């Protein structure tokens with residue numbers, strides 16, 4: 001399938017590693033011009049060079065703390081300066097700490113809100129005028145499989161990922177007349193550093209070995225394994241491409257069948 005991404009301008013948040021990096025790489029492979037971002041300049045530069053060498057695509061990077069509204073403005077402005085517009089926005093952010101209600105004070109709640117929800121709002125606000133001007137655009141918000149089924153010991157994530165879902169559904173209605181399509185994608189157990197970290201936390205809390213925790217998790221997945229970041233990126237890339245001209249306002253999980261909810 002031709003995703004019609006050749007020459008398109010794609011901005012991927014939190015993309016120096018993990019799911020964001022996989023998504024940015026996939027867009028580059030499809031011929032898009034990609035802007036990646038992270039707080040870590042060294043890691044970001046290395047990732048940009050790696051993607052360029054692997055794909056031959058135009059890849060630029062911009063150091064940005066996505067919790068900082070002014071830096072998000074600068075990020076979008078730089079993307080527009082280099083590429084002329086933003087055709088596709090992929091909202092992504094690292095997950096908040098694991099834990100239950102008694103563990104968190106206001107500081108942790110505020111941090112998770114700014115990282116996992118307000119950053120998405122700000123990025124959408126900044127790209128919206130450019131997408132409206134050209135009467136087209138795609139926004140994909142990366143959340144978690146918890147948008148369908150809450151995950152034990154991940155209260156902060158469960159709360160604000162649900163907020164992403166509400167945001168996406170609402171804006172898909174508001175922006176449909178501008179031909180801007182907005183969807184939410186929830187990864188399940190994808191083989192990233194974040195999932196390895198959560199497995200390590202569970203191992204420490206339960207006294208099980210890391211290997212046993214992973215085996216238990218794999219046993220709960222009908223496909224019997226963790227997904228690869230590249231597999232996740234394939235879904236994102238389709239939804240955030242001109243080839244997707246009619247899917248909007250949807251919540252899709254990429255989880256190997258793990259979640260039981262419809």
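Considering segment 29-44, the residues that are surrounded by 24 or more Cβ atoms within 10 Å (Cβ to Cβ) and in contact with a helix residue (DSSP H, G or I) (Cβ under 7 Å, 6 or more places away or on another chain) include one that is farthest from residue 234 (Cα to Cα), namely 38.
Candidates 179, 135, 158: the one that is touching a helix residue (DSSP H, G or I) at 6+ places or on another chain (Cβ under 7 Å), surrounded by fewer than 21 Cβ atoms within 10 Å (Cβ to Cβ) and under 30 Å from residue 6 (Cα atoms) is 135. The number of residues in segment 201-232 being touching a helix residue (DSSP H, G or I) at 6+ places or on another chain (Cβ under 8 Å), over 30 Å from residue 249 (Cα atoms) and surrounded by 13 or more Cβ atoms within 10 Å (Cβ to Cβ) comes to 7.
Across segment 3-22, the number of residues qualifying as within 18 Å of the chain's Cα centre (by Cα) and either without any contact (Cβ under 8 Å) to a residue 12 or more places away in the chain or in a loop (DSSP other than H, G, I, E, B) (or both) comes to 5. So in segment 72-102, with the set limited to residues that are touching a residue at least 12 places away in the same chain (Cβ under 8 Å) and under 26 Å from residue 206 (Cβ atoms), which one is surrounded by the fewest Cβ atoms within 10 Å (Cβ to Cβ)? Looking at the filtered set, the residue picked out is 101.
Tally up the residues in segment 169-178 that are free of Cβ contacts under 8 Å to residues at least 24 places away in the same chain and assigned to a loop (DSSP other than H, G, I, E, B), please. It would help to see each step written out before you state the result.
First pass over segment 169-178, keeping only residues free of Cβ contacts under 8 Å to residues at least 24 places away in the same chain: 170, 174, 177.
From what's left, assigned to a loop (DSSP other than H, G, I, E, B): none.
So the answer is 0.
Looking across segment 231-262, the residues that are within 14 Å of the chain's Cα centre (by Cα) and either within 24 Å of residue 213 (Cβ to Cβ) or free of Cβ contacts under 8 Å to residues at least 40 places away in the same chain (or both) come down to 231, 232, 253, 254. Among the residues of segment 48-66, is there at least one that is free of Cβ contacts under 8 Å to residues at least 40 places away in the same chain and closer than 23 Å to residue 159 by Cα? Yes: segment 48-66 contains one or more residues that are free of Cβ contacts under 8 Å to residues at least 40 places away in the same chain and closer than 23 Å to residue 159 by Cα.
FYI, it's all coordinate maths here, none of it is from the lab. Here the structure is a predicted model, which means the values were calculated and not measured. Positions of Cβ are generated from backbone atoms using ideal geometry, with glycine treated the same way; all protein chains shown enter the neighbour counts.
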